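Asks: A single structure is presented below for examination.
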Amino acid sequence: MATFRREIEATIPALRRYARALTRDADLADDLVQDTLVRALRSEHLFHGGDIRVWMYTILANLNRNRLRSLARRPTMMPIDDGDAAEGAPEGARDIERALATLVDEQRQVLLLVVLEGLSYREVAEIQGVPIGTVMSRLARARSQIKTFLEGGRPALRRVK
């Protein structure tokens, strides 16, 4: 039991990093991580071994998905203007933040888990509950869209039949 709690404690910095990247709000990210930790500790009996990081990321992703569904049922809020960004942030960081904001949620999550957290495609597929090919496809599209955005281009539109 003590080992399980130590392993969970070791995942907290990575969970916070991922949650902050997903939510773009430090307070909201901390709440999400806290909810993840509470859920993991209550559900210790459901952990059947394996990589605890993947299990924790899965819990966090599911809680975030539930949060987004809940927000979708609420009225929309006004977006923050570029002038409202934190002062002193490097220009490149704001460009990347804007580029990430253009991605659909699934693509952003895959990109963050692979690039920021260094997880394997298999681990990301397990977290998101999709095939590895889907992870690879989402990652390729996300990288392409980020590159296009940073180069000042417009994202290509897909033809729907």
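The values are calculated or read from the model by the stated rules, or taken from the named source; none is laboratory data. Values in this document were obtained by computation on a predicted structure and should not be read as measured data. FYI the Cβ positions are ideal-geometry reconstructions off the backbone, even for glycines, and counts take in every protein chain you see. To get the accessible areas, we keep the full protein, side chains included, count just its heavy atoms, and leave off ligands, DNA and RNA. Shrake-Rupley method; radii C 1.70, N 1.55, O 1.52, S 1.80 Å.
Asks: Highest mean first, how do 107-116, 48-57 rank when packing is the count of other Cβ atoms within 10 Å averaged over residues?
Replies: Answer by packing, highest mean first, reads 107-116, 48-57.
Asks: Also, I was wondering about something else. Where a ≥ b ≥ c are the square roots of the eigenvalues of the C-alpha gyration tensor, would you call region 93-153 rounded, which needs a/c under 1.5, or, failing that, prolate if a/b is larger than b/c, or oblate?
Replies: It is prolate, given that a/c is not under 1.5 and a/b is the larger ratio.
Asks: For Arg73, Arg122, give the ranking by accessible area with the largest first, probe 1.4 Å.
Replies: The ordering from most to least exposed comes out as Arg73, Arg122.
Asks: How much net charge surrounds Ala101 when only the other residues with a Cβ under 10 Å from the Cβ of Ala101 are counted, with Lys and Arg +1 and Asp and Glu -1?
Replies: Local charge sum for Ala101: +2.
Asks: Using a Förster distance of 25 angstrom, determine the FRET efficiency expected from the C-beta separation of Arg39 and Ala101, and round it to 0.05.
Replies: Given R0 = 25 Å and the Cβ-Cβ separation, E is 0.35.
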